[in-house]
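J.: Mind having a look at this structure? Questions to follow.
The values are calculated or read from the model by the stated rules, or taken from the named source; none is laboratory data. For clarity, every value in this text was computed on a predicted model and none was experimentally measured. Don't worry about glycine lacking a Cβ; one is built from the backbone with ideal geometry, like all the others, and counts go over all protein chains shown. To get the accessible areas, we keep the full protein, side chains included, count just its heavy atoms, and leave off ligands, DNA and RNA. Shrake-Rupley method; radii C 1.70, N 1.55, O 1.52, S 1.80 Å.
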Amino acid sequence: MENLYAVLGVRNEATLAEIKKAYREKVKNLHPDSTGKSADNEEFSRVVHAYRVLSDSHQRSIFDDSYFIKIRREKKSYDSFDYYKWLSERQDEESRAKLIFFCLMQQREDEAVKEYKRMKMSHINFSLKKWFTREDFMDYGYILCEELVIRGEYYDAILLLEEIINMERSYQYFRLFFPEVMTFTLNILKRNIEGYMNDELALDVWERALDLGFSNKDDAFFLKKMAGIYSKLGDEATARICFEEANKLI
């Protein structure tokens with residue numbers, strides 16, 4: 001039986017976030033567009049299989065029980081350096097940003113989202129991307145977006161996705177996975193804005209969406225939604241402009 005952790009190049013205790021990051025990197029590096037060589041179908045299949053098993057908690061548990069019989073990693077000694085504790089006790093913006101991503105890697109998703117929300121509310125210009133490499137920000141930032149959406153924090157998710165999308169457009173990193181990012185974002189914009197936040201925030205979100213490079217049909221959808229809100233707010237002139245612009249795109 002093959003060590004699926006080794007296939008993805010992650011440690012046995014890897015979190016789901018680390019597994020997702022490693023999988024994206026492996027597939028990207030195996031793609032002909034990246035290597036300039038023919039695709040290695042056997043290696044690609046091994047990577048996909050490893051990801052499918054390890055990203056599913058039930059299948060991963062079965063694999064661990066069968067592969068790592070009697071293998072247990074020793075716990076850290078009592079006096080070992082506790083990075084989580086060290087970050088938690090520091091209040092500077094860099095440490096708090098790193099704490100958020102560290103929590104994501106340690107399966108403390110609730111804590112990561114809570115800290116991110118707290119920092120956004122208490123620090124007007126708080127930005128995660130200032131403290132990480134482009135690659136780490138995009139990988140873990142996207143995972144944070146997924147966790148925000150799970151918890152119904154759609155506005156914050158869209159603002160973060162906007163940063164990631166614009167960064168991808170300036171320098172390709174996700175590549176093969178970028179359509180997945182765009183689809184994820186579009187689903188939020190169409191399903192989780194109206195009725196989930198106040199009119200002012202909804203207008204802000206759909207206006208931002210117009211600059212994200214979606215199709216004309218999608219942009220027409222956003223404009224019509226904006227027109228409906230402007231009309232509801234009594235601004236018929238702006239509502240009419242939005243409807244006219246939407247009709248031009250159809």
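J.: So which of GLY228, GLY234, GLY195 is under 27 Å from CYS145 (Cα atoms) and among the small types (Gly, Ala, Ser)?
T.: Exactly one residue qualifies, and that residue is GLY195.
J.: Does any residue of segment 188-209 turn out to be within 23 Å of TYR23 (Cα to Cα) and in contact with a Leu (Cβ under 8 Å, 6 or more places away or on another chain)?
T.: Looking through segment 188-209, none of the residues is within 23 Å of TYR23 (Cα to Cα) and in contact with a Leu (Cβ under 8 Å, 6 or more places away or on another chain).
J.: Further question: Does segment 234-243 include one or more residues that are part of a helix (DSSP H, G or I), within 30 Å of LEU30 (Cβ to Cβ) and open to solvent by 20 Å² or more (accessible area, probe 1.4 Å)?
T.: No.
J.: Quick one: PHE137 ticks every box in (1) under 20 Å from ALA14 (Cβ atoms); (2) at pLDDT 95 or above; (3) of a type outside the set (Asp, Glu) bar one, so which box is it?
T.: That leaves (2) as the condition not met.
J.: Considering only residues of segment 93-110 that are open to solvent by 60 Å² or more (accessible area, probe 1.4 Å) and of a type in the set (Asp, Glu), which is farthest from ILE164 (Cα to Cα)?
T.: ASP110
J.: Next question, about the same structure. Going through ARG240, ARG191 one at a time, which residue ends up being under 30 Å from LEU104 (Cα atoms) and among the basic types (Lys, Arg)?
T.: ARG191
J.: Name the single residue that is nearest to GLN107 (Cα to Cα) among those in segment 4-21 being open to solvent by 40 Å² or more (accessible area, probe 1.4 Å) and part of a loop (DSSP other than H, G, I, E, B).
T.: GLU13
J.: Same structure, new question: So which residues in segment 118-129 are in contact with a helix residue (DSSP H, G or I) (Cβ under 7 Å, 6 or more places away or on another chain), more than 14 Å from GLU163 (Cβ to Cβ) and open to solvent by 10 Å² or more (accessible area, probe 1.4 Å)?
T.: HIS123
J.: Just name the residue that is nearest to LYS21 (Cα to Cα) out of those in segment 130-172 that are open to solvent by 60 Å² or more (accessible area, probe 1.4 Å) and within 13 Å of the chain's Cα centre (by Cα).
T.: GLU135
J.: Which of (1) open to solvent by less than 20 Å² (accessible area, probe 1.4 Å); (2) farther than 27 Å from ARG118 by Cα; (3) touching a residue at least 60 places away in the same chain (Cβ under 8 Å) does LEU176 not meet, given it meets every other one?
T.: (1)
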